[in-house]
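Here the structure is laid out as structure tokens; the discussion comes afterwards.
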Amino acid sequence: MIKSSLPLQPLAELGAYLVTNQETILESWRQACEQDPSLPTTTTLTRNDFTDRVPDLLTVLSQRLEAQAELALSNKLVAETLQTFIADPILLAREHGMHRWQKGYTLQELMSEIAHLHQCLIHQTKDFWADFPNPDPATLLEADQISTRLIHEVISGSVIQYHDLQKIGAAERAADLQQTLSELNELMRQRSHLLRMASHDLKGSFGVMRGAAYILDQPDNTEEERTEMVQMLQRNLSKVTTMLTQLMDLARLEAGQETIFTETFDAAKLLIRVAETTQPLADERNLSIELIGPDSLIVQSDGVKVQRIVQNLLLNALKYTPEGGVTISWSAENDQWWQFTVQDTGPGLPHLTPSTVSTTGRSGATPAQGEGIGLHIVKRLCGLLNGTMDVDTHPGVGTTFRLVLPRYHEVRK
């Protein structure tokens, strides 16, 4: 039986009792939380993760009870000395709230945990008073007020921490939304720019074709003039066909209508074949096409889309390279990835110089300034194939496109 000869000495004894039975309190608290269906995360936490700063908060309660007992005994100096060593429960609660936030707790779940902790303290305190002879009602009230005040501070600290974290999260979400909106606006601007360029080029080509057709219709044309006009018509018709094909490709990609058809093929032979079919254009412009890579490189992907990527990059390089040539190289990076590069000796991309630009090429990514429809299509196709694209460009030196693709394509979930 616990005995006391001094007024409010039981508060100090209660504090010592709670220190002695701290493990019991913590274990009862965990069992209560595990049995609460609204707290599913509890069972996934280790003991240290679950208790976190709560043992320190229980220590604060015991110290406050002891300090109050000293104050009641008129030991004001001792009480004040004890108070200086007592940790701030609100700061401890904020740290505990941060921990629970990081573990994915909602504020409601955290409040439920604190409620269970309060109940465990009440039960433990009742056990203490049950063995105490004739406790003074004022002492019981004082003990209850000290315990309740601590729980109130724990709740306040937790709510403040969650409020601050929610404000930070809201600010981050707002910043992300603003960034997404900016990217969307830039994407729309670039898309409009691409379409304006395409419209201008189409209008120019149709104008040339209309002029050539008019001249062909004149009765006094020489055979040489007719031949020249026919060649002009063919060149511009080919240009218009290519541009319309690109516009349709871009429309399908933006509409999400492209489907991946996976097959096993030799990437080295595909690259060589594309280079061979493009060689006449290179010869016409007095440019070289150099091929560097192993004779064979077996991959599993969509061969048609890989071919479209290579064709777009190669045609773009030949179109803007006045002299020198284009180098295509390829290799296996490891068992999971392979890469190829298309390097030209052209003037570089003016809006990206001098720099290296990386992009995943995922659908919806903002296009780099100055890129044409062909390069935008390349970026989209690269994203469909789960690849990445790096652009290294320098004025007067040239541009290198490096694409890294998986050797064994897997459809993204």
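Take the Cβ-Cβ distance between Asp335 and Ser182 as r, set R0 to 45 Å, and report the resulting FRET efficiency rounded to the nearest 0.05. For Asp335 and Ser182, the calculated efficiency is 0.70. Judged by the mean number of other Cβ atoms found within 10 Å, the most tightly packed of the peptides 134-142, 319-327 leads the ranking 319-327, 134-142.
Site pair Glu27 and Arg226 shows an inter-label distance of 10.7 nm when each label is modelled 7 Å from Cα along Cα→Cβ.
Residue ranges 260-271, 288-299, 54-65 sort as 54-65, 260-271, 288-299 when ordered by packing (mean number of other C-beta atoms within 10 Å per residue, highest first).
Solvent-accessible area of the stretch 18-175 (1.4 angstrom probe, protein heavy atoms only): carbon and sulfur portion equals 55 percent. The Cβ shell under 15 Å around Gln161 holds other residues with a net charge of -2, Lys and Arg each +1, Asp and Glu each -1. Report note on the peptides 173-179, 103-109: ranked by the mean count of other C-beta atoms within 10 Å, highest first, their order is 103-109, 173-179. With the simple model of a label 7 Å out from the Cα in the direction of the Cβ, Asp127 to Thr277 spans 8.2 nm.
The values are calculated or read from the model by the stated rules, or taken from the named source; none is laboratory data. Being a predicted model, the structure only gives us computed values, none of them experimental. Backbone-built Cβ (ideal geometry, glycine too); neighbour counts: all protein chains shown. Only protein heavy atoms, including side chains, enter the accessible area calculation; ligands, DNA and RNA are left aside. Shrake-Rupley method; radii C 1.70, N 1.55, O 1.52, S 1.80 Å.
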